[in-house]
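Working notes, beginning with the structure itself.
The values are calculated or read from the model by the stated rules, or taken from the named source; none is laboratory data. Here the structure is a predicted model, which is why all the values come from computation and not from measurement. Methodologically, a virtual Cβ is constructed for each residue, glycine included, from the backbone with ideal geometry; neighbour enumeration extends over all protein chains shown. Keep in mind that these areas ignore ligands, DNA and RNA; they rest on the heavy atoms of the full protein, side chains included. Shrake-Rupley method; radii C 1.70, N 1.55, O 1.52, S 1.80 Å.
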Amino acid sequence: MAESEVVELDLTIDDLVPKSPERLAEEKKESGNHLYKFKNYKGALAMYDEAIRLCPDNAAYYGNRSACYMMLGMYKKALEDAQKAVALDEAFTKGYIRVTKCCIALGDLSGGEQAAQRASELGGPDCVTSERRALESLRRLHEDAQRALDAGDHRRVVFCMDRCLDYSPSCTKAKLIKAECLAMLGRCQEAQEIANDCLRSDSFDTEAIFVRGLCLYFEDKDEQAFKHFQQVLRLAPDDKKAREIYKKAKLLKQKKEEGNEAFKMGRWQQALTLYNEALTIDKNNRTVNAKLYFNKATVCAKLNQIKEAAEACTAALELDENYVKALLRRAKCYTELGMFEEAVKDYEKLYKIDKSKENKQLLHEAKTALKKSKRKDYYKILGVEKTASEDDIKKAYRKRALVHHPDRHADASDNERREQERRFKEVGEAYGVLSDPKKRARYDHGQDLDDGCSGADIDPNVVFQTFFNRNQNHFDFQTGGFPGSTFNFQFG
């Protein structure tokens, strides 16, 4: 460039005069507003921070940053800024509206109503119409939840708290009320996740610590639960709820252990009494109560109270539907009680849970027992034991066949004659099966008599005549024998 050339700079007087903090703050605010408009809330937040650093007494800057925090879901910080804004400018209507919105999000109904009232006074009632509706809805939901809580309807409380959290996503109280009721419903994992989330924000939140302890107690983790309850009571010695549940938990553990000790010593009746006492302590502890009912069932089985044992297992399974030990014991009880269909259902569920070879065998045996139970009891029909010899079976048949033979009842009423014919046929079926070693073996093992010669296919008249080894077609019940027979039968 030649030395004689002159460089012209495009400068204004504003470029030569240093900018004031106020002007710089306004520029930062405008930059923040631009970023906010395009939903870059973190970028906007940094600009508002700069504006506030430059002019810490400007209510509008706090109002803008409050709006930014709200969009980021940081309602506590948003509330602090909104409150700072109205403290700097008592006529800042938007500031009071934001205070109202933040209080709703945080579940502070009282603070929200006060802020809404002030906003109405400054900007008219229409400026907070939706906020007032939200506050009214929240009030009704909390009242409904309290009624449900008093009635022990924990499902309803969870429903109400979920609706509250639609309005108040940052309400820790609503979250922990929901968590406590979830624990009461046995949904401890969900409850613990909520409590843990709250503790990340405040590690000394006694309600969250209590919920965690409650979950551990309901999961039968006594020592860990006790530590949580003790921590609550150290932080809040007057916490009545924690004190009561801690006392109840210790008593429940004591009774359960006393019952177990009595059982080990073989004092069945004492163990039963202790388990029954333990079951009255806390109906909400589903896990422990399920174990207590199973222990009770075990004792009842020792006392040969099979029906009571099955009922105790049912109570345990109502609390824990996949309680394998209770399912297995109830199936055995049902088998002993002759309730074979119920036993098969339990063994089917057991095998579905655990497809072991042992459970498969148990299911097969149960189905065999069910099949046997639905067949005619041929031993009972003949009036003999299952260990009866061939001679015992022959003697029994001879007696029963002659008692029920239709010719003997020729003069009876139609109903009586039909009944005797039915019994005569059953006696023939029974003898036809039990007198044949192969059929009897299959029958005893519950197998189908599928060779075309099942009991139902046997002609009782053929069996009768074959048995007595006569070709005559008529047995003379006047003489007690076949025509020409040299022996008679006497009827009792």
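How large is ³J(HN,Hα), in whole Hz, for each residue of the range 48-56 in order, when computed from phi with the Karplus curve 6.51 cos²θ - 1.76 cosθ + 1.60 and θ = phi - 60°, using x for Gly and Pro?
Once θ is set to phi - 60°, the couplings for the range 48-56 become 5, 4, 5, 4, 5, 4, 6, 9, x Hz.
For the chain, give the percent of accessible area contributed by carbon and sulfur heavy atoms, probe 1.4 Å, rounded to a whole number. Working shown, then result.
Working: 13510 of 28420 Å².
The nonpolar share, carbon plus sulfur, comes to 48 percent.
What number comes out for accessible area per residue over the chain if the probe is 1.4 Å? Units Å², please.
Heavy-atom accessible area per residue stands at 58 Å².
Can you put E180, E26, E365, E321 in order of accessible area, largest first, using a 1.4 Å probe? Please report the intermediate quantities before stating the final value.
Values: E180 35, E26 70, E365 95, E321 120 Å².
In descending accessible area the options line up as E321, E365, E26, E180.
Between K371 and N260, what FRET efficiency comes out of the Förster formula 1/(1 + (r/R0)^6) with R0 = 30 Å and r the beta carbon distance, rounded to 0.05?
Calculated value: 0.15.
Starting with the highest mean, order 220-228, 419-427 by the number of other Cβ atoms within 10 Å, averaged over the residues of each peptide.
So the peptides 220-228, 419-427, ranked by packing, come out 419-427, 220-228.
Show me the ranking of peptides 149-161, 90-102 by mean Cβ neighbours inside 10 Å, starting with the highest.
In decreasing order of mean packing, 149-161, 90-102 become 90-102, 149-161.
Report the per residue volume, in Å³, of the convex hull enclosing the C-alpha atoms of the range 104-156.
Normalising the Cα hull of the range 104-156 by residue number yields 75 Å³.
Using only Cα atoms, what Kirkwood radius does the range 73-139 have, in angstroms?
Values: mean 1/r = 0.0875 Å⁻¹.
Kirkwood hydrodynamic radius for the range 73-139: 11.4 Å.
Can you give the relative contact order of the chain as a percent, counting alpha carbon pairs under 8 Å and 6+ residues apart?
Values: 589 pairs, mean separation 23.5, N = 492.
It comes to 5 percent, rounded to a whole number.
Using θ = phi - 60° and the Karplus form 6.51 cos²θ - 1.76 cosθ + 1.60, what ³J(HN,Hα) does each residue of the range 21-34 get, whole Hz, x for Gly and Pro?
Working through the residues one at a time gives x, 4, 5, 4, 5, 5, 5, 4, 4, 5, 4, x, 4, 5 Hz.
Work out from phi, with θ = phi - 60° and the Karplus expression 6.51 cos²θ - 1.76 cosθ + 1.60, the ³J(HN,Hα) of each residue of the range 276-283, listed in order in whole Hz, and give x for Gly and Pro.
Taking θ as phi minus 60°, the curve returns 5, 5, 4, 5, 8, 6, 8, 5 Hz for the range 276-283.
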